[in-house]
Amino acid sequence: MGTTATDLAAGLFEVLETGDPALAVRVVHEEFHNREASVAPAACRIAGPAGVLASSAWMRSAFEELRLPFLETIHNDDQVWIRLRMQGRHTGAFVLFKDGAVDQVVPPTGREIDFEQIHVLDLRDGKVIRHEAVRDDIAMLGQLGVFPPTPAAGMSMLAWKVTGRASRAAAEVTTKAAQAAQAAATTATVPTA
């Protein structure tokens with residue numbers, strides 16, 4: 001993989017799609033900060049490749065066949081702007097956090113998502129050091145059938161909460177994110193050829 005601004009951006013989103021720890025170490029700066037991680041498990045807020053791998057595990061646990069194809073990129077030497085689509089099928093619990101606690105759990109719907117996002121990446125030392133995004137989360141929740149809330153979606157979410165499935169799903173997602181973050185530490189210590 002090259003090291004142009006566009007290559008680094010493509011690498012970051014490939015990590016999100018695949019969870020590739022070696023690629024994360026190559027394209028993500030050790031001081032990386034994800035401004036959008038506040039709605040994700042705590043491991044997603046870890047600096048560096050670990051946080052990106054945790055974010056990948058969190059997203060892929062909810063969305064099978066996650067794809068993030070670029071529509072347009074604009075860049076200079078230290079920043080890249082990307083317009084892309086987030087696509088996939090909602091086959092796992094989509095767990096959202098607020099202030100470090102579980103805020104909402106959307107049970108799997110089996111529905112496809114496909115909506116636009118804009119991402120801004122800051123670059124330093126040939127790696128991605130910062131991420132922020134403008135996402136159309138309302139469009140995504142609409143595609144999942146939970147916004148505006150329908151009686152069926154509300155009952156499904158309530159049933160998951162009452163039966164404890166929401167808590168179990170949140171614990172599972174949190175564990176997957178933490179394990180993915182640990183993979184970054186392991187990969188960072190393995191010498192490369």
Practice problem: Ignoring everything but the protein chains, give the 1.4 Å probe accessible area of residue 111 in square angstrom, nearest 10. | Solution: 110 Å²
Self-check item: Vicinal HN-Hα couplings computed from phi for the stretch 30-39 (Karplus, 6.51 cos²θ - 1.76 cosθ + 1.60; Hz; Gly/Pro x)
Solution: 5, 9, 3, 10, 9, 4, 8, 6, 5, 9
Practice problem: Calculate one ³J(HN,Hα) per residue across the stretch 87-100 by plugging θ = phi - 60° into the Karplus curve 6.51 cos²θ - 1.76 cosθ + 1.60, and present them in order as whole Hz with x for glycine and proline. | Solution: 10, x, 10, 7, 10, x, 4, 9, 9, 10, 10, 8, 6, x
Exercise. Round to a whole angstrom and tell me the spacing of the C-alpha centers of the stretch 64-82 and the stretch 107-130.
Key: 8 Å
Quiz prompt | Rounded to the nearest 20 debye, dipole of the chain from Cβ charges on Lys, Arg, Asp, Glu | solution = 680 debye
Exercise. Just tell me which lysines come within less than 28 Å, Cα to Cα, of residue 127; anything on the same chain fewer than 8 places away is out.
Key: 176
Exercise. Report relative contact order for the stretch 111-180 in percent, whole number only (criteria: Cα-Cα under 8 Å, sequence separation at least 6).
Key: 22 percent
Quiz item: Carbon and sulfur atoms: what percent of the 1.4 Å accessible area of the stretch 109-180 do they account for?
Solution: 61 percent
Self-check item: Solvent-accessible heavy-atom area per residue, rounded to whole Å², over the stretch 57-185 at 1.4 Å
Solution: 53 Å²
Practice problem: Compute the semi-axes of the equivalent ellipsoid of the stretch 128-180, taking the square root of 5 times each eigenvalue of the Cα gyration tensor, and list them largest first in whole Å. | Solution: 25, 21, 6
Quiz item: Cross-link partners among aspartates and glutamates for residue 98, C-alpha distance below 12 Å, same-chain residues fewer than 8 apart left out?
Solution: 36
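The values are calculated or read from the model by the stated rules, or taken from the named source; none is laboratory data. Just so it is clear, the structure is predicted and the values come from calculations on it, not from any experiment. Note: ideal-geometry Cβ built from the backbone for every residue, glycine included; neighbour counts use all protein chains shown. Each accessible area value is taken on the protein alone, full model and side chains, heavy atoms only, with ligands, DNA and RNA left out. Shrake-Rupley method; radii C 1.70, N 1.55, O 1.52, S 1.80 Å.
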